[in-house]
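Peer 1: One structure follows; several queries about it will come next.
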Amino acid sequence: MATPHTATEAAAYREAYRPQLSFSPSRNWMNDPNGLVYHDGEYHLFYQYNPSASVWGDMSWGHAVSTDLLHWQELPVALMVEKDARGEITQSFFSGSAVVDGANTSGLGSAAQPAMVAVYTSVYPQARTLANGRHVPAGQQSQSLAYSLDRGRSWTQYAGNPVLALPPEKYHDEYRDFRDPKVFWYAPHSKWVMVAVVALRHTAVLYSSKDLIHWEFMSEFGPAGAVGGVWECPDLFELPVDDDAANSKWVLVINLNPGGPAGGSGAQYFIGQFDGKAFRADASTTAEAVRWLDHGPDFYAAVTWNGVPDGRRVLIGWMSNWQYANKVPTTRWRSAQSLPRELALRRIDGRVRLVQRPVRGLEQLRRELLVAIGELQLAPGEVALTQTPSVSRPPFDIDMLLDPGGAAQAGVKVHVGADGEQTVVGYDRERGEVFVDRRRAGVAAFDPAFAARHAVALPLRAGAVRLRILVDTASVTVFAGAHEATLTSQVFPGEGSDGLALFAEGGQAMVRDLHVWSLASIWRPR
Ligand code: FRU
């Protein structure tokens, strides 16, 4: 079982490819973020976890907590896979959400001691009769509850599980792919709302409940947008447009695998209205091209926290892709979560768009200002920003305004090493896009899909594009433009491939307001 990291564990967090900016479990496999809820000064991050291997399997809910969404403490497994005497799984715990039942609507806690309630998908691989007498056929996925009265440290499954056994009647034959419940409190109707998916039908189904236990079907959404894979891990939340509380919209997030913008797993969103019963996408949203939360290959199962103070909406995604997640070159642990991101809706070029910023407080990790340049003309070629061999190592925080000028391509190379090893982040003027090219980023042989270039169309504004780039030991995350475009990519560079360089190709470019900081590891004592 995972233990909180001790001094020795902390030393272990320096292994090659161990992310230094975002959460990874000390050992074993992790996928989707689950049960995201803020309670009593703590942000809870539960996650799909295999307690005994670093490949997918034995799905349980791992658990970590943070007071600032940056520094994490891993706690013991919250919901542990169940097996019979032969070692066959009788129940595994798939993705879901968590709420704090402050008014004790469920009766599972008390007014003085509100229950934290996890709503997850029970997967029953074998046909069986549950302890409460209910019969489930082999492979059924149903929605269940577990609750904690001690701030998420210990958990009890609700005796009446599952609370939502089957999808609506017309989808009964889809009982094996009904999952990933996201629950939130809808104050105007004093009720809980759940959105889950009928995965193969590209349909999100919405339910309501007064007590988290009895659920009533309300409406469905889909198919719409991208449908080139299964729909998984939905989320639904309200955000003001341009900070105007009188003008808010609702965002429906639907993760999709495969069929993402960079191949494999991806996350799309719709903007519209929710009246307490149904979500309706704005006509413009469905008419336009699919809106992706991220255009990189490694941002999936993205969902947001419930109950964050000050009405902030914080999103996190699993930083991998089902195309190769089980094969990435780490051994003791496998996969990290992304950096948390704060969301807002902004009107940009006449359209309402979701914008994402690295979580507030990230700047506190800045240590040394390595580069500060007001204006720099880039002739075709490269300019090293750090010495080689480099004394500074990732993580880095890079911020700049890039004016491609007459260059065909310009930008910054990160994880630069010997023999041309590099990950290129740049702007391609002809195609009008920001790209991340990891074709020469290092280890990639584990999967043919890995070594690739990914891009997002983005217009220059006043001839330039702003790039904020977070370079971690094994990932590069780009926030571009007015933060409406992001690209998240894992990379596995060779030892010592730590260099940074600016480049221009085919003409002169200009870089303005360039700042590069080294960042402290989140695993180092503050
Ligand atoms: C998404 C997903 C979910 C499911 C979980 C299982 O990555 O497939 O739909 O609940 O992973 O681990």
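Peer 1: Not counting ligands, DNA or RNA, and with a 1.4 Å probe, what is residue 128's accessible surface area in Å² rounded to the nearest 10?
Peer 2: Spelled out: residue 128, probe radius 1.4 Å, area about 70 Å².
Peer 1: Okay, next question. Express in Å², to the nearest 10, the accessible area of residue 201 obtained by rolling a 1.4 Å probe over the protein heavy atoms while all chains stay in place.
Peer 2: We get 80 Å² for residue 201.
Peer 1: Taking a 1.4 Å probe, which of 489, 110, 52 shows the most accessible area, and what order do the others take after it? The partial results should precede the final answer.
Peer 2: On the way: 489 0, 110 45, 52 85 Å².
Highest to lowest solvent-accessible surface, that is 52, 110, 489.
Peer 1: Let me ask something additional. Suppose every Lys and Arg Cβ carries +1 and every Asp and Glu Cβ carries -1, with no other charges. What dipole size does the chain come out with about its Cα centre, to the nearest 20 debye?
Peer 2: Numbers: 48 positive and 55 negative charges, 66 e Å.
The calculated dipole for the chain is roughly 320 debye.
Peer 1: Starting with the highest mean, order 267-277, 420-430 by the number of other Cβ atoms within 10 Å, averaged over the residues of each peptide.
Peer 2: Details: 267-277: 18.8, 420-430: 20.5.
Averaged packing, sorted descending, gives the order 420-430, 267-277.
Peer 1: At 1.4 Å probe size, with no ligands or nucleic acids counted, give the accessible surface of residue 209 in Å², nearest ten.
Peer 2: Its accessible surface works out to 0 Å², give or take rounding.
Peer 1: Ignoring ligands, DNA and RNA, how do 71, 135, 189 rank by accessible area with a 1.4 Å probe, largest first?
Peer 2: Values: 71 25, 135 120, 189 75 Å².
Largest to smallest exposure gives the sequence 135, 189, 71.
Peer 1: Let me ask you something else. R0 = 56 Å: FRET efficiency of residue 283 with residue 84, Cβ-based, nearest 0.05? Display every interim value, and only then the final one.
Peer 2: On the way: r = 52 Å, r/R0 = 0.92.
Using R0 = 56 Å, I get an efficiency of 0.60.
Peer 1: While we're on this one: If 366, 438, 347 are ordered by their accessible area, calculated over protein heavy atoms with a 1.4 Å probe, which sequence runs from highest to lowest?
Peer 2: Details: 366 60, 438 5, 347 130 Å².
The ordering from most to least exposed comes out as 347, 366, 438.
Peer 1: Now a separate question. To the nearest 500 deg cm²/dmol, what mean residue ellipticity at 222 nm is calculated for the chain from DSSP H runs of n ≥ 4 alone, each contributing -39,500 (n - 2.57), summed and divided by the residues?
Peer 2: -500 deg cm²/dmol
Peer 1: Taking only the alpha carbons of the chain, what extent do you get along each of the three principal axes, in Å, biggest first?
Peer 2: Here the Cα extents, ordered largest to smallest, are 74, 53, 44 Å.
Peer 1: Return the carbon/sulfur percentage of the accessible area of the chain, one whole number, probe 1.4 Å, all protein chains in place.
Peer 2: Values: 9590 of 19100 Å².
In the chain, the share of accessible area belonging to carbon and sulfur is 50 percent.
The values are calculated or read from the model by the stated rules, or taken from the named source; none is laboratory data. Computed from a predicted structure; not experimentally measured. In this analysis, Cβ positions are derived from the backbone assuming ideal geometry, glycine residues included, and neighbour counts consider all displayed protein chains. For accessibility, only protein heavy atoms count, side chains too; no ligands or nucleic acids. Shrake-Rupley method; radii C 1.70, N 1.55, O 1.52, S 1.80 Å.
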